[in-house]
Amino acid sequence: MREITLVDARSDMILASDVLHDHQKLLLRKGVALNDKNIKILKSWGITRITVNSDPHPEDGATPADPVALIEAIEDRLNHKFGETDGNEIHKEIQRVATQIIIARYHAQEAIDAQ
Amino acid sequence: MHNNRLRAIVGRVEDLPTLPRTVLRITEIINNPKSSARDLAGVINDDQVLTARLLRLVNSSFYGFPQRIATVSFAIVLLGFDAIRNLLLTTSIFDLFNGADRELQVEREKLWDHSLGCAVAAKIIGEHLHFEKVEELFVCGLLHDLGKIVEMAYMPNDYARVRARVKANDELILLAEEEILGCNHADIGHLLAERWNLPAPVPDVILHHHTPVRAGEFMREAAAVHLADIFCRALEIGSGGDHRIPALHPPAWEILELKTNDIEALLHRLETEYHDICPFIQASTAISPSEREA
Ligand SMILES: [Fe+2]
Ligand SMILES: [Fe+2]
């Protein structure tokens, strides 16, 4: 079970607990699968955070379970986005720091998932 | 850019919605150093949707105030003038991103995240460099890709071709737009900003956010937004519709007089502040249909 912001909610995620408005009105029941429509409705009610089931089979590859593979994937992606930096120091520095921050972001999410 | 295509687009821009009066008044308040909390409360109280949003926000668990806050002026006292001012402008502009077209909804949301990220980044860069009006930079960042919303909402067929080309060639959206439309989102956004009489430097920054050296007296503001755009792409905050990071316009760096050593702290601040502001903005924009009709 992990808590996510509604912005990160995706279709087919399963609610791990009831979503209540103002702690009382039931909007969506635990166990319901999210879809574009009910995500939109939650948004319209001002819901910002929900809890969903953790990926039951993380090793199936949605997020690489192997941290090295994960870091490599992030590095590859940013390498591609930046393209040839032509030794431009500024680009290199932006890319270096951005890579670190994005990796840290994934680690933080993992820590939340593990709880 | 000054070709028939752009003129044809101007024709279509004639059909675009006018900027809500409330937003105009909020921009006036932002631009007037003498404006007070009372002026702001006046604008909010005149607008039921804004009032509902603001009260919902301050009464949300995000703030967790123990007692119920019933008036706009009390909300302003609690949250502070700057926070509210920024919030209102942001959420009013958010409405413009909220079109009916379902197919483009995801893209529009990503563009919104990108825009909000750029607003935060531009403000952070401005603060770092001791710009006088950082709030203005926030607005510039928020609106820099306005032209893309116009394309999504009013030129869906052209925009579909632009998207297809970006995907096929994995190129910058700017290039695809120029090939297909004969102009780009900066030109289109600029037209609309002028039409809406948005205050300086917003229209110029929109027009030159990819080529800040051409922005004349607003070169520094344009360069800040240009760099903010690159920062958000690098940190993968939202998406402006392509998967490439454009090269930094070389004079931008000199205009800003930044040091390579500054980048690390700036990016870390962006990461923190963007994620802090996000739920805040979400809570304030979410509004049920009945309140909207009220
Ligand atoms: Fe742009
Ligand atoms: Fe952008």
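The values are calculated or read from the model by the stated rules, or taken from the named source; none is laboratory data. In this text, all values refer to a predicted model and were calculated from it rather than measured experimentally. Don't worry about glycine lacking a Cβ; one is built from the backbone with ideal geometry, like all the others, and counts go over all protein chains shown.
Structure data summary
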{"item": "Residue within region B:202-212 that is within 26 Å of B:D276 (Cα to Cα), more than 12 Å from ligand 1 (Cβ to nearest atom) and part of a helix (DSSP H, G or I) present", "result": "yes"}
{"item": "Filter result for B:A228 (within 14 Å of chain A (Cβ to nearest Cβ), more than 11 Å from ligand 1 (Cβ to nearest atom) and modelled with pLDDT of 95 or more)", "result": "no"}
{"item": "Residues within region B:183-203 that are free of Cβ contacts under 8 Å to residues at least 24 places away in the same chain and crowded, with 23+ Cβ neighbours inside 10 Å, tallied", "result": "1"}
{"item": "Filter pass, B:N169 being of a type in the set (S, T, N, Q), on the phi > 0 side of the Ramachandran plot and away from ligand 1 (no atom under 15 Å from the Cβ)", "result": "no"}
{"item": "Residue match in region A:17-25 (condition: under 23 Å from B:K110 (Cα atoms) and among the polar types (S, T, N, Q))", "result": "no"}
{"item": "Residue that is farthest from the other protein chains (Cβ to nearest Cβ) [pool: residues in region A:75-113 that are small (G, A, S) and either in contact (Cβ under 8 Å) with a residue 40 or more places away in the chain or in a loop (DSSP other than H, G, I, E, B) (or both)]", "result": "A:G87"}
{"item": "Residue match in region B:147-169 (condition: more than 16 Å from ligand 2 (Cβ to nearest atom), under 30 Å from A:D8 (Cβ atoms) and in contact with a Gly (Cβ under 8 Å, 6 or more places away or on another chain))", "result": "yes"}
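Every residue, every condition in (1) part of a helix (DSSP H, G or I); (2) within 16 Å of the chain's Cα centre (by Cα); (3) surrounded by fewer than 24 Cβ atoms within 10 Å (Cβ to Cβ), yes or no:
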| residue | (1), (2), (3) |
| --- | --- |
| B:E103 | no, no, yes |
| B:E107 | yes, yes, yes |
| B:G117 | yes, yes, no |
| B:A121 | yes, yes, no |
| B:I149 | yes, yes, no |
| B:R163 | yes, no, yes |
